[in-house]
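All remarks here apply to the structure that follows.
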Amino acid sequence: QVQLVESGGGLVQAGGSLRLSCAASGRTESINAMGWYRQAPGKQRELVAVISSGGGTKYADSEQGRFTISRGNAGNTVFLQMNSLKPEDTAVYYCNANLFGMDFWGLGTLVTVSS
């Protein structure tokens, strides 16, 4: 089992930046990949970015170049640096961890981008 706690969300103006953090606890040594997903009102949850235990990254096309995902040295934290934010980035952002083929989720952190 893994527990995930997100932080760093908030209200920001368009063009601004935010840095989300996710701290994992539990069987963190077994985590394969960690990532960020988001869900906007009335929409399905979608991938933002994911990073593997080996450091490989994958981004959604809409975030390429604006967002950067990284992991802490201990491997049990993941960060999402978000720059040049747009109103359409407004959503609840969820941290995800995958181990043994199972997905674990945090409760989410709200990001609101005002125009």
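A few points about this structure:
- Label positions at R45 and T112, each projected 7 Å from the Cα along the C-beta direction, are separated by 2.3 nm.
- Per-residue surface analysis assigns K58 an accessible area of about 120 Å², computed on protein heavy atoms at 1.4 Å probe radius.
- Å² of accessible area per residue within segment 45-115, as computed with a 1.4 Å probe and no ligands counted: 50 Å²
- Spin-label zone in segment 29-49 - amide nitrogen under 20 Å from a point set 7 Å from the Cα of Q3 along the C-beta vector: 29-32, 34-35
- Once the chain from R19 to K58 is taken as fully extended at 0.36 nm per residue, the excess over their C-alpha distance is 12.3 nm.
- Listed peptides 31-40, 2-11 appear in the order 31-40, 2-11 once ranked by packing, highest mean of other Cβ atoms within 10 Å at the front.
- Alpha-carbon radius of gyration plus Dmax, which is the widest Cα pair, for the chain in Å: 13.3, 41
- Rounded percent of accessible protein surface that carbon and sulfur make up, the chain, 1.4 Å probe: 49 percent
- Figure note: R19, R66, R45 ranked by solvent-accessible area, largest first, 1.4 Å probe, ligands and nucleic acids not counted: R19, R45, R66.
The values are calculated or read from the model by the stated rules, or taken from the named source; none is laboratory data. Since we're looking at a predicted model, the values are computed, not measured. Here the Cβ is made from the backbone with ideal geometry for all residues, glycine too, and neighbour counts use every protein chain on show. Note: areas computed on protein heavy atoms with side chains; ligands, DNA, RNA excluded. Shrake-Rupley method; radii C 1.70, N 1.55, O 1.52, S 1.80 Å.
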